[in-house]
Amino acid sequence: MWTPERVYPLGFPGRQALQITLGGLGAAFAIGYFQFLASFFSAKEELYTSVKIDGKWVSRLIEGSVVAPFSHLLGGVSLGLTLVALCLVAALFLHYTWHKLGSRSIYRMKLLPNRWELWRRVVLIPLVGLAACALLWGLLLLLCALTYRYGTPDGHFPPNCWGSFPFYWIGGCYA
């Protein structure tokens, strides 16, 4: 049976560290997406004007208006995942120095029959966490792109709306 203590340094609070890592990844993803939504809805709001028809205010699309390009709406979206990635890099050093604290002998870890035991306990979780950061960054970018494509009214995309992002297969721009 797998337990967090098998991949963390001996005596390290592995279960709590794993919960903090997973919570940080989830929170960074959610904050990044909500930040994109805030800038997207702000940009989308500029496409509309209010007109008074029969005594009621109705919002109408402004003809010829375009939403901001996708790359302009991404400012700071990946900041949370970047901070989690930096914390995971710092965790590499923390895990290694954990073996040198007090009576935890790094010499004993190096003498174990499996010579990779020390490095498995030091490197595994931070590397898996960094891979998860990269995967979540890609998913976040894809989710933002799909929101941009299907949340923008047709005919209101700017020229080259995707910029340098390879999302032409989603559509938009000239759809």
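The values are calculated or read from the model by the stated rules, or taken from the named source; none is laboratory data. This one's a predicted model, so the numbers in the text were calculated from it and none came from an experiment. Quick reminder, even Gly has a Cβ in these numbers, built from the backbone with ideal geometry, and neighbours come from all protein chains shown.
Within the range 18-42, the set of residues being among the small types (Gly, Ala, Ser), touching a residue at least 40 places away in the same chain (Cβ under 8 Å) and buried (at least 17 other Cβ atoms within 10 Å of the Cβ) comprises 24, 28, 32.
Contact map, the range 91-102: residues that are under 11 Å from residue 10 (Cβ atoms) paired with residues that are among the polar types (S, T, N, Q) and surrounded by 11 or more Cβ atoms within 10 Å (Cβ to Cβ), Cβ distance under 8 Å, separation 6+ or inter-chain. Pairs shown: 99/105.
Residue 55 fulfils the conditions (1) under 23 Å from residue 146 (Cα atoms); (2) surrounded by fewer than 12 Cβ atoms within 10 Å (Cβ to Cβ) except for a single criterion, (1). Of the residues making up the range 4-60, those that are among the hydrophobic types (A, V, I, L, M, F, W, C), more than 25 Å from residue 152 (Cβ to Cβ) and modelled with pLDDT under 90 are 7, 10, 12, 17, 18.
Working only within the range 133-152, note down all residues that are in a helix (DSSP H, G or I) and either surrounded by 18 or more Cβ atoms within 10 Å (Cβ to Cβ) or at pLDDT below 90 (or both). Across the range 133-152, the qualifying residues are 133, 136, 137, 140, 141, 144, 145, 148, 149.
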